[in-house]
Amino acid sequence: MTTNAKRGSVDDKLLVAILDRLIPAVDDLPSAGQMGLTSEIVLLAAQQVRFNNLFENAIDSFGAANPTFTSSNGEQQDDAIRTFESVSPELFCALLSIAYIVYYKDSRVHVRIGWEGRTPQPDGNDMEPWDESVLETVRKRKPFWRSVD
Amino acid sequence: MTKNNGSPIEKTVEETVDILVIGAGASGGAATAWLSEAGFKVKCLEQGYWQDPSKYASASQDYEFEMMTNWAPDPNMRQRDEDYPVNDSESPVTPVMFNGVGGSTILWTAHTPRFHPSDFRVKSLDGVADDWPITYDELEEFYDLNDAVMGCSGINGDPANPPRSPRQMPPLPLGTDGKKLISGFEKLGWHWWPSDSYINSQRYGEGRDACNFCGHNHMGCYQRAKSSTDLTYWPRALKSGAEIETGARVRRITTDDSGRATGADYVDSKGNERHQGARAVIMAANGIGTPRLLLNSASDTHPDGLSNSTGLVGKNLMFHPFAMISGTFPEKMKTWQGPLGNIAFSQEFYETDKSRGFVRGYTYQFQRSLGPAWIAKGGFRDPVPWGKDHHEVLEKRLGSVMAMAVIGEDLPENHNAVDLDPKLTDSDGIPAPRIRYTLSKNSRDQLDHAIENAKKALEAAGASDIFVDPMMRQSGWHLMGTARMGDDPAESVVDKWGQSHDVDNLFIVDGSVFVTSAAVNPTPTIQALALRTADYIVTNRQDLKG
């Protein structure tokens, strides 16, 4: 998704360009910006007012500080992101967190990294049962808690 | 209607009950159940609501997002209507909690060690802080009672702790990852033991399944395998006639002209001002909420706040500041399977050894890690870098990161305190708490010692890329000490039964009453103390029955 339209107050084109630098292409997968994740990012951020404010502020502040970002080369873009990370750590953290969350819930990513990709419920996971033999060594130790008279 | 020292607000008055409990969490649930089963008419006011386990963050496809927003343990991040803000700008540790029926047991890890006998005698043994007015032996029967209600998975024989009654269920399995981490302790000859956990390793309690190892019970347990008081104490309390009102935010404890408690003014879920009369009041609102309410209850007869003639309400706040040391193993071990923090613990360095350069000691709580987004965001360590190295680092860490949390004994200091923020309020205009906290040199020395030893243990187990968070900011789970107990009314807020020295029908049962913090998760001790206080009321305060 590379439209220039704004959804709410979030600039899609800018968000796509930032995502491309945060999570680059790997193997058969394109970079995060080219995977069409921006709609989900905007929708998810809007689930909480506090977080949405942080997220929108992050995009707006970044855009205001870097008006030519989308036309810059990769090295210049990385420098701009590093500067923003340093100057506005809370806003950058919000942006990076939601980028990672949405990227790692994508089924194409799950296939690549071998992640099962389901919510943990209701099935849970299998674990081997408790095996008391693991206590063989530690059981030999004498009590060493401090007694109180 | 009780005179409320000049409050001009029109209130609806509820029928007087024997006991009014403020807060429906770990201690409030335990006290309410005990008292209502003994025939007292008990009502609880809880500012939060009942929770539906099928709607916990752990059941959501967007659980990673939910845990940093609507289900965040930090109320300043969660910002639900039922939460109150906390000014923590003068503290390196952020207090975390949950407001609802079950309280913070909804989001806890349910790691449930007990205090050691020495923890009650730190002044006598080590010359620091104060001794408790009670002993381990006096509390033991209430630990046992609480274990039976909450349901404890574990095993006897731990050489670091006194013998105890049989656990209700066998330990949770260690997993491949747990065994790997333990191998480091075995190589070094250091103590470890399977954790006591209030998580079902098999079916236990009404409607509560065994753990399915989803790995996300700290986000609320969908399976009802993790014990929380909405599933354990509250069904018993309601069955025996107790009443609970949710969405009820208490403004103040009210008092009469003689200074005795008469109930509480509160705002109900629809915004109506109400008064609940009571013959006695029990505070169970946690180590921050309780001092906040006592300070908000200042009146002509209690000008510095209720039960605060000593000025100690809100003072001596203890947190257990956490250090977290993580390592990356070469093996892929599915570290996201199984409860996050309930593998095992080590108390090799628990008791005082002054040659280490500090007094008291610490516990290691072994930790797993979670899925790719959690790993990418940092989990227990720094975030995976963005940019060209991102994929390589993520793949190294996923399924391979394990950590050790350090819980060091935080000693009481008068300047570590909760008071009322001069400006900040909750959505009903009630003054919010402000936290002032600095880490003591003794605590810092403990943590530094623990960090160096954790590195040794991780390396012995085969980990590399070791990362140290010397003090986690979002680690203020254990809220203790702000209305301490003691025999001397000049040096404490409540007596050894949790009864206020100033107000004979006011009791406190949450972590506020702790004299010292020990070096373990405090909830079993909080609940045992709550049961003990309730038992005292049943035995000695029948005058409170209407």
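Points to keep in mind about this one:
- Options A:A64, A:A45: the member that is more than 7 Å from chain B (Cβ to nearest Cβ) and under 30 Å from B:P75 (Cβ atoms): A:A45
- Note on region A:84-116: among residues that are under 14 Å from the mean Cα position of the chain (by Cα) and part of a loop (DSSP other than H, G, I, E, B), the one that is farthest from the other protein chains (Cβ to nearest Cβ) is A:D106.
- From B:P117, B:P95, residue being more than 28 Å from B:D419 (Cβ to Cβ) and in contact with a helix residue (DSSP H, G or I) (Cβ under 8 Å, 6 or more places away or on another chain): B:P117
- Per-region count, region A:127-142, residues surrounded by 11 or more Cβ atoms within 10 Å (Cβ to Cβ), modelled with pLDDT under 95 and facing chain B (nearest Cβ under 7 Å): 2
- Residue check, B:N161 assigned to a loop (DSSP other than H, G, I, E, B), touching a Lys or Arg at 6+ places or on another chain (Cβ under 9 Å) and either at positive phi or facing chain A (nearest Cβ under 9 Å) (or both): yes
- Boolean, B:S326 is touching a residue at least 40 places away in the same chain (Cβ under 8 Å), away from chain A (no Cβ under 14 Å) and in a strand (DSSP E or B): yes
- Condition check for B:S355: part of a strand (DSSP E or B) and either farther than 30 Å from A:E75 by Cβ or more than 8 Å from chain A (Cβ to nearest Cβ) (or both): no
- Residue match in region B:183-191 (condition: free of Cβ contacts under 8 Å to residues at least 60 places away in the same chain, outside any strand (DSSP E or B) and of a type outside the set (A, V, I, L, M, F, W, C)): yes
- Tally of residues being outside any loop (DSSP other than H, G, I, E, B) and at pLDDT 90 or above across region B:1-53: 26
- Where a residue in region B:363-383 is touching a residue at least 60 places away in the same chain (Cβ under 8 Å) and its partner, wherever it lies, is basic (K, R), with Cβ under 7 Å and at least six apart: B:A373/A:K105
- B:N146 meets all of the listed conditions (1) crowded, with 24+ Cβ neighbours inside 10 Å; (2) touching a strand residue (DSSP E or B) at 6+ places or on another chain (Cβ under 8 Å); (3) in a helix (DSSP H, G or I) but one, namely (2).
- Residues (outside any strand (DSSP E or B), under 20 Å from the mean Cα position of the chain (by Cα) and under 15 Å from B:A148 (Cα atoms)) located in region B:224-263: B:A225, B:S227, B:S228, B:T229, B:L231, B:T232, B:Y233, B:W234
- Top-ranked residue of region B:66-81 - restricted to ones that are out of contact with any Pro (no Cβ under 9 Å at 6 or more places or on another chain) and crowded, with 19+ Cβ neighbours inside 10 Å, ranked as nearest to the other protein chains (Cβ to nearest Cβ): B:T69
- Number of the condition not met by B:G48 [criteria: (1) in contact with a strand residue (DSSP E or B) (Cβ under 9 Å, 6 or more places away or on another chain); (2) closer than 21 Å to A:A94 by Cα]: (2)
- Residues that are part of a loop (DSSP other than H, G, I, E, B) and touching a Phe, Trp or Tyr at 6+ places or on another chain (Cβ under 9 Å) within region B:507-540 comprise B:F514, B:V515, B:T516, B:S517, B:A518, B:A519, B:V520, B:N521, B:P522, listed in sequence order.
- Scan of region A:118-149 for residues that are over 26 Å from B:L174 (Cβ atoms) and small (G, A, S), ordered by number: A:S147
- Single match in B:D504, B:D488 (criterion: free of Cβ contacts under 8 Å to residues at least 60 places away in the same chain, under 26 Å from B:A31 (Cα atoms) and not in a helix (DSSP H, G or I)): B:D488
- The one condition in (1) in a loop (DSSP other than H, G, I, E, B); (2) out of contact with any Asp or Glu (no Cβ under 7 Å at 6 or more places or on another chain) that A:R146 fails to fulfil: (2)
- Within region B:201-255, the residues that satisfy the criterion of being within 14 Å of another protein chain (Cβ to nearest Cβ), in contact with a Ser or Thr (Cβ under 6 Å, 6 or more places away or on another chain) and not hydrophobic (A, V, I, L, M, F, W, C) are B:S201, B:H216, B:H218, B:G220, B:Y222.
- Selected residue (criterion: nearest to B:R121 (Cα to Cα)) from residues of region B:358-390 that are within 11 Å of chain A (Cβ to nearest Cβ) and hydrophobic (A, V, I, L, M, F, W, C): B:L370
- Of B:A33, B:A72, B:A57, all but one fail to be under 25 Å from B:K239 (Cα atoms) and of a type outside the set (S, T, Y); the exception is B:A33.
- Some residue of region B:384-392 being in a loop (DSSP other than H, G, I, E, B) and touching a residue at least 60 places away in the same chain (Cβ under 8 Å): no
- Filter pass, B:D137 being surrounded by fewer than 20 Cβ atoms within 10 Å (Cβ to Cβ) and touching a Ser or Thr at 6+ places or on another chain (Cβ under 7 Å): no
- Reported count of residues in region B:122-143, each being among the hydrophobic types (A, V, I, L, M, F, W, C) and not in a loop (DSSP other than H, G, I, E, B), is 4.
- Residue match in region B:342-359 (condition: touching a residue at least 40 places away in the same chain (Cβ under 8 Å), at positive phi and crowded, with 21+ Cβ neighbours inside 10 Å): no
- Residue in region B:375-386 that is among the hydrophobic types (A, V, I, L, M, F, W, C) and surrounded by fewer than 23 Cβ atoms within 10 Å (Cβ to Cβ) present: no
- Output for region B:446-456, where each listed residue is out of contact with any Asp or Glu (no Cβ under 9 Å at 6 or more places or on another chain) and either farther than 13 Å from B:I407 by Cα or aliphatic (A, V, I, L, M) (or both): B:L447, B:A450, B:I451, B:E452, B:A454, B:K455, B:K456
- Counted residues, region B:134-151 - those being within 14 Å of chain A (Cβ to nearest Cβ) and not aromatic (F, W, Y): 6
The values are calculated or read from the model by the stated rules, or taken from the named source; none is laboratory data. Fair warning: this is a prediction, and the values are worked out from it, not measured in the lab. So basically every Cβ, Gly included, is an ideal-geometry build from the backbone, and we count neighbours across all protein chains shown.
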